[in-house]
1. So for the range 425-443 (the condition being open to solvent by 20 Å² or more (accessible area, probe 1.4 Å), at pLDDT below 95 and touching a strand residue (DSSP E or B) at 6+ places or on another chain (Cβ under 7 Å)), does at least one residue qualify?
2. Going through D259, D298 one at a time, which residue ends up being without any contact (Cβ under 8 Å) to a residue 24 or more places away in the chain and of a type in the set (D, E)?
3. Condition check: under 20 Å from the mean Cα position of the chain (by Cα) and either open to solvent by less than 20 Å² (accessible area, probe 1.4 Å) or modelled with pLDDT under 95 (or both). Does A359 satisfy that?
4. Examine the range 401-414 for a residue that is of a type in the set (S, T, N, Q) and under 30 Å from A325 (Cα atoms), and state whether such a residue exists.
5. Looking only at the range 56-74, count how many residues are in a loop (DSSP other than H, G, I, E, B), surrounded by fewer than 21 Cβ atoms within 10 Å (Cβ to Cβ) and either of a type in the set (S, T, N, Q) or at pLDDT 95 or above (or both).
6. How about the range 293-307: which of its residues are part of a loop (DSSP other than H, G, I, E, B) and surrounded by 14 or more Cβ atoms within 10 Å (Cβ to Cβ)?
7. With the range 164-230 as the region, which helices (runs of 4 or more DSSP H) entirely inside it contain at least 1 residues that are open to solvent by 60 Å² or more (accessible area, probe 1.4 Å) and farther than 30 Å from D389 by Cβ?
8. Restricting to the range 301-326, and then to whatever is of a type in the set (V, I, T) and in contact (Cβ under 8 Å) with a residue 40 or more places away in the chain, can you tell me which residue is nearest to L205 (Cα to Cα)?
Amino acid sequence: MKKIKSIVALVLVLAMSLTMWGCGSKGGSDTSDGGAKTDSEGKTETAEVNATDDGTVLNIYCWNEEFQSRFKDYYPGYTEDSSDSSKGTLKNDLGEFTVNWVITPSKDNAYQNKLDEVLPSNADASADDKVDIFLIEADYALKYVNSATTLDVNAIGLTDEDTAQMYPYTKTVCTNTDDGTLRGVSWQATPGLFAYRRSIAKDVLGTDDPAEVQKSLAGWDEFDATAAKAKEKGYFMLSGYDDSYRTFSNNVSKKWLSDDNVIQIDDALWQWVDQTKTYTDKGYNNGTSLWSDDWAKDQSEAGKVFGFFYSTWGINFTLLGNSLADAKGEEKVGNGIYGDWAVCEGPAPYYWGGTWICAAAGTDNKSLVADIMKVLTCDAEVATKITNDTQDYTNNKEAMDAIANSDYTSDFLGGQNHIALFAAAADKINISNMGPDDQGLNESFQGAMKDYFTGNATKDEAEAAFYKAAVEKYPDITAPK
């Protein structure tokens, strides 16, 4: 698989001693306050590498403001600059710090390009410019987890006990496949469900009860039959071309790339193509594209779409925001779109997205970074509070099971305890076929196939366009012959 090939010269001066750490880096020796150590059984232990505690500026790289909001609301001691939201100050027992948020949107791979520009030379950057924390997504996590740009979170201060309640898949996503070290942690787990309009379900199926609606969506045959009924009633089953993609792409039987870096399109992805072409031709979808204005409008009060495939963040953040768009932010409890949503399992288990916190090699704030990770991703009380406050599904199994079995309800979802459904779905997540280039390949495949859906290309032409775009984006991979 493609990995970051940049290798850096890492030199740190320690107050008490110098310890050599050999990792094949270019240009001299590396020193740190740890190193590769051997335990009593002769097993190699990974120690903290290229990290110190003498920084006063905390630089955080991300692609949107989601983590920024969690940090501001749940990590104590942070004050945002009143005139510039990208800056703030942090005061706690570890000291006083200036906090800088460097936000680069993901579109056209811009965020990854930014990371690739700054991370390889981070150890040599000036103190105020060093990247301390950077955020990653599952679709490209291994690109950084399997590189020298991330630090072992156990080595900088987190213990196995700290991370014991995290859903296993969230740790697997950020586990280095060569040495087994954990290189990132997340405050959220992102199992997926199907969110539907209660009023539309009543009109189409005669019920809005999640258990009963699920019977009509339990498999793809049932889902297709319900789509036909929705069409007869004047509704769309889905908004656009991309809506069901994750339910197929997360259930593939092989990775995007073979062991020798040749693209391989799984049968599940072709099933998505065939279904979406059918839905487009029959008018079962509204012909929108993911994240477009028209797609967002389909989630508003004026929308005529039966439902949307969404994971945790999609329901509590995106769907809620788009649903309130026509109401100008006013919650219309029991009247209109607010409260007219519900969720069920849908035709297939899947997950979508998630955000992981990584400690950048070269950080000069390792203790602070470790403390941020502990508070935001390991503390059951914080996890519970985040879920109660935001309806997000957090990465603490004990806390989520407690809420799932409580009298918790969501007014937005018409009084439903959606956490219980998420808890059941989280255990079904399978990431065994995840790869480091998934984001770019998924986006290129979806983009190329739209010309086929709209009649501007044949299926073969769309496939050829995908191969061309994929190879241009990742020059070290090849198309099948």
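The values are calculated or read from the model by the stated rules, or taken from the named source; none is laboratory data. The model shown is predicted, which means the values in this text are computed figures rather than measured ones. As a convention, Cβ positions derive from the backbone with ideal geometry for all residues, glycine included, and neighbour counts pool all protein chains shown. SASA here: full protein model, heavy atoms, side chains in, ligands and nucleic acids out. Shrake-Rupley method; radii C 1.70, N 1.55, O 1.52, S 1.80 Å.
1. For the range 425-443, residues open to solvent by 20 Å² or more (accessible area, probe 1.4 Å), at pLDDT below 95 and touching a strand residue (DSSP E or B) at 6+ places or on another chain (Cβ under 7 Å): present.
2. Testing whether each residue is without any contact (Cβ under 8 Å) to a residue 24 or more places away in the chain and of a type in the set (D, E) leaves just D259.
3. Criteria met by A359.
4. Yes, because at least one residue in the range 401-414 is of a type in the set (S, T, N, Q) and under 30 Å from A325 (Cα atoms).
5. The number of residues fulfilling the criteria is 2.
6. Selection gives D298, Q299, S300, E301, G303, K304, F306.
7. It comes to 198-205, 210-215.
8. Only one residue fits best here, namely V305.
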